[in-house]
Amino acid sequence: MSPRGPARLPAFAGPVPLAILLTAGIVGVVAVVIAASGFDVAPAFAALVRGAVGSPYAIMSATLVRATPLILAGLAVAIAFQGGILNIGAEGQILAGAALGTTVTLLWGRTLGGGAVILALLVAAAGGAAWAAIPAWLRRRFGVLEVISTIMMNFIALYGVGYLVRGPLQEPTRIYPQSPTIPAATQLPMLVPGTRLHVGFGIAVLAALIAWVAIRSHAAGFRLRVVGASPSAAASAGQVDVPAAITRAFLVSGALAGLAGGIEVTGVTYALYENISPGYGYTAIAVALLAGLHPGLVIISGICIGALEAGAAAMQREAGVPLVVVNVVEALIILAIVGARAAIARRERTTVEAGT
Amino acid sequence: MTDYLTPFLEATVRTATPLALASLGESISERAGVINVGLEGVIISGCLGAVVGARSGSVLAGMAAGAVAGMAAALIFAVFVVWLRADQIITGTALTIGALGLTATLYRALFGTSGVALSTPTMGPLAIPVLSTIPVLGPALFRQPPVTYFLYLMVGVVWWFLYRTHAGLALRAVGENPEAAQAAGIDAVRTQGAAVLAAGALGGLAGASLVLAQVGTFTERMSAGRGFIAIAIVALGRWRPLGVALAALLFGAASALQFLFQSTGTQLPYQLFLALPYVLTLIVLAGGTAHARAPAALGRRDLESS
């Protein structure tokens, strides 16, 4: 249909340079929002930049640590969207992975030691996949819209974790709604000594690179793109089992989000909390769109959003600007990308109609 | 047990009121083929609008301002989704993220950065004579804030609109088969736009009732997932006004259980009860007979093919 070659992404993948330009414009909008809220723009931005990239420590301990779950969850969203699956359940899949990962480290951390971390991360990925398997099955078997079912699954996961940290997994004093601290042997080693940058960041980058190669050069990646672009064409061409391809993409997406949850527990928080994910699963949508759904570019967009969030935390500490300003920016990025895409599509449509 | 039953039922209806208002609106929008995942953002906008509007001391002005704020948020969504035909889910997610952030920022800008709780006037319960004296159910249904009675009215109005008016038939036609509707001379874009805005007004009212009939102040993220709950309610209520109202009561009862457990000192984990309605919704969706199915064109972007 489109004259731009077979590798074209589905409709919501945006032109990346345009997105970068728009982001620059959005920084201006942030300045206006900050100024309109009665804060001084210059010190606020200085704090933002300092907190995000002001020192090697800020880059590694704040920005890249924050970027880790965003890269993995962003990857999860990008793969699902490429396959035409509107998985907005990354949040629930993260929680499922975090809860199962915590359970494994608490059960076997003392006996298995370091081996338990690997097991925990594998189980976390499996947990995320299992959490995604339910909406995948509901879609395949009953035609339930995954948009609605993944929202349900997010809430079930949220309340499930709320139950676990007040019930079976609660810390021994039974005062705080959180799990005990996981054994030291099951905490992820640091990538750079003296910082808080754990090996989970390396795992996230590696996962993105593997996904990039797989989608680029493997038959499975091609099937994914074809299914996402046009399920009916993929089916009528006879070469693709569309429901199976969709289910597989859904499971991979869930596994990546679950892995993000497992890494967050073993690398950052060392315990399970109710609010262990401050909306990573939703922010991941901005990460994936900013990357134009490209698995490799997700690394960059994840680091960008990670820097923004790390910087915003410093901005709140030092200049009193509320942290949530960053959410406004993320929303504007998403709107700018989908708006630009839609406007371009609209113009193309009008041109085609005028030509016939 | 009866000592607890009446307060429990009252709490159920009270908690269900904003949920039902929002889901009633969302069902209109979804019936026109537009799913607004940004409903959470619409509700929180209604909350802030209500706080600003009620500064005059008038609860009614607060409700009106809440509805207007909800419509303003819905207008942004409509521009992207209905007019530009951008993806509904992604746009809705952005609306939610952005509105949660913007309302918190604006609140601090308008009412100071200290975050001191600002109290608004609230509407107390208004007992309806005779009806409220019915044992057990009377106080639960008829000793509620006036906005709950407005909700009862709206359930009827929306039902009448959807099933007994020409415009309602047109709206449902657009949600089922936009091409056929357009061929029959219905302006699908305008219908969907109007549906989204009406849903925005009801979502804004839901937020306003949260502030003015329950909490009495604004706090960051006070909508607390009610927009997403409302989307579940619409599905559980099978996209029909009465079903939606009953489903809202069920979700209300699930949250009211935690008050009941706290007041009776029950040690049962209430999180499991909170999760229950969502599990039930999934089961109902999976058992989708013809009556339980979502509008056929729900979430579709392409429209102007005719």
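On average, how many beta carbons from a partner chain sit within 10 Å of the beta carbon of a residue in B:269-278?
Going residue by residue through B:269-278 and averaging, the value is 6.
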*Per-residue HN-Hα couplings for segment A:340-345 [Karplus 6.51, -1.76, 1.60; θ = phi - 60°; Hz; x = Gly/Pro]*: 4, 4, 5, 5, 5, 4
*asked:* Distances longer than 25 Å among the Cα atoms of segment A:67-182: what percent of all pairs is that?
replied: 29
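Could you give the length gained by full extension between B:Thr266 and B:Asp3, i.e. 0.36 nm per residue of separation minus their alpha carbon distance, to one decimal place? Spell out each step's value before the answer.
On the way: separation 263, 0.36 × 263 = 94.68 nm, distance 1.50 nm.
Additional length available on full extension: 93.2 nm.
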*Picking from B:Thr103, A:Ala245, B:Phe251, whose Cα lies most toward the positive end of the charge dipole for the protein assembly as shown (charges on Cβ: Lys, Arg +1; Asp, Glu -1)?*
A:Ala245
*Per-residue mean of other chain beta-carbon atoms within 10 angstrom of the beta-carbon, peptide A:132-143?*
2
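Within the set of other residues whose C-beta is less than 14 Å from the C-beta of B:Ala275, count the net charge using Lys and Arg as +1 and Asp and Glu as -1.
Once all neighbours under 14 Å are counted, the net charge is 0.
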*Based on the mean of other Cβ atoms within 10 Å per residue, sort peptides A:144-155, B:5-16 so the most packed one is first.*
A:144-155, B:5-16
*Roughly how tilted is helix B:270-286, in degrees to the nearest 10 and between 0 and 90, from the longest Cα axis of chain B?*
20
*Return the sequence-ordered ³J(HN,Hα) values of segment B:156-165 in whole Hz as given by the Karplus equation 6.51 cos²θ - 1.76 cosθ + 1.60 applied to θ = phi - 60°, using x for Gly and Pro.*
x, 5, 5, 4, 4, 4, 5, 10, 10, 10
*Counting only other chains, what is the mean number of Cβ atoms within 10 angstrom of the Cβ of each residue in peptide B:78-90?*
6
*If you stretched the chain out fully between A:Ala184 and A:Glu318, how much longer would it get, using 0.36 nm times the residue separation minus the C-alpha to C-alpha distance?*
45.0 nm
*Which whole-percent values make up P(r) of segment B:32-111 when all C-alpha to C-alpha distances are grouped in 10 Å steps starting at zero?*
21, 46, 25, 7, 0
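Per the Kirkwood treatment, what hydrodynamic radius in Å, one decimal, follows for chain B from the mean inverse distance over all distinct Cα pairs?
It works out to 19.6 Å.
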*Just rank A:Ser217, B:Ser209, B:Ser263, fewest to most, by other beta-carbon atoms within 10 angstrom.*
A:Ser217, B:Ser263, B:Ser209
*Scan around B:Gln144 for amide H atoms under 5 Å from its own, H built in the peptide plane at 1.01 Å from N, and keep only partners 5 or more places away or cross-chain.*
B:Leu126, B:Ile128
_Size of charge dipole - segment A:16-355 - debye, nearest 20, with Cβ of Lys, Arg +1 and Asp, Glu -1, no other charges_ = 520
_Between A:Ala133 and B:Leu169, what is the label-point separation in nm under the 7 Å Cα-to-beta-carbon projection?_
4.9
*In Å and whole numbers, how far do the C-alpha atoms of segment A:16-355 stretch along each principal axis, longest first?*
72, 53, 33
_Spatial extent of segment A:225-356: Rg and Dmax, with the Cα atoms as the point set, Å_ = 19.5, 62
*Modelled label-to-label distance, B:Arg221 and A:Ser55, 7 Å Cα→beta-carbon offset: nm?*
2.9
_Sort B:273-281, B:227-235, B:57-65 by the packing proxy (mean of other Cβ within 10 Å over each peptide's residues), most packed first._
B:227-235, B:273-281, B:57-65
*asked:* With 10 angstrom as the radius, rank B:Leu171, B:Leu126 by how many other C-beta atoms surround their C-beta, starting from the fewest.
replied: B:Leu126, B:Leu171
*Cα shape, the protein assembly as shown, gyration tensor, a/c 1.5 rule*: rounded
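How high is the relative contact order of segment A:16-355, given as a whole-number percent (alpha carbon pairs under 8 Å, six or more residues apart)?
After rounding, I find 35 percent.
Might you report the magnitude of the Cβ-based charge dipole of segment B:1-135 about its Cα centre, with Lys and Arg at +1 and Asp and Glu at -1, to the nearest 20 debye?
For segment B:1-135, the charge dipole is close to 320 debye.
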*If each residue's Cβ is checked for other Cβ atoms within 10 Å, how do A:Ile333, B:Ile128, A:Ile175, B:Ile97 rank with the fewest at the top?*
A:Ile175, B:Ile128, A:Ile333, B:Ile97
*List, in order, the whole-Hz ³J(HN,Hα) value for each residue of segment A:258-274 obtained from phi through the Karplus relation with A = 6.51, B = -1.76, C = 1.60 and θ = phi - 60°; use x for Gly and Pro.*
x, 4, 4, x, x, 5, 4, 5, 7, x, 10, 8, 6, 7, 8, 10, 4
*asked:* As an exercise, use a Förster radius of 30 Å and the Cβ-Cβ distance of A:Arg141 and A:Phe222 to find the FRET efficiency, rounded to the nearest 0.05.
replied: 0.70
*Among B:Gly175, B:Thr264, B:Phe228, whose Cα sits farthest toward the positive end of the charge dipole of chain B (+1 at Cβ of Lys/Arg, -1 at Cβ of Asp/Glu, about the Cα centre)?*
B:Thr264
*Taking the highest mean first, how do the peptides B:159-170, A:298-309 order by number of other beta carbon atoms within 10 angstrom per residue?*
A:298-309, B:159-170
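Express the relative contact order of chain B as a whole percentage, based on alpha carbon pairs under 8 Å and six or more residues apart in sequence.
Once divided by the residue count of chain B, the mean separation gives 36 percent.
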_Cβ charges +1 (Lys, Arg) and -1 (Asp, Glu), total dipole of the protein assembly as shown, debye_ = 620
*asked:* Given contacts defined as C-alpha pairs under 8 Å and at least six residues apart, what's the relative contact order of segment A:164-259, whole-number percent?
replied: 10
*Could you list which residues have their amide H under 5 Å from that of A:His198, counting only those 5 or more apart in sequence or on another chain, with H placed in the peptide plane?*
A:Leu191
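Taken together, the values in this text are just the output of simple stated rules run on the coordinates, not laboratory data. The structure presented is a predicted model; accordingly, all values stated were derived computationally and were not measured. All Cβ positions, even for glycine, are placed from backbone atoms using ideal geometry, and neighbour counts span all protein chains on display.
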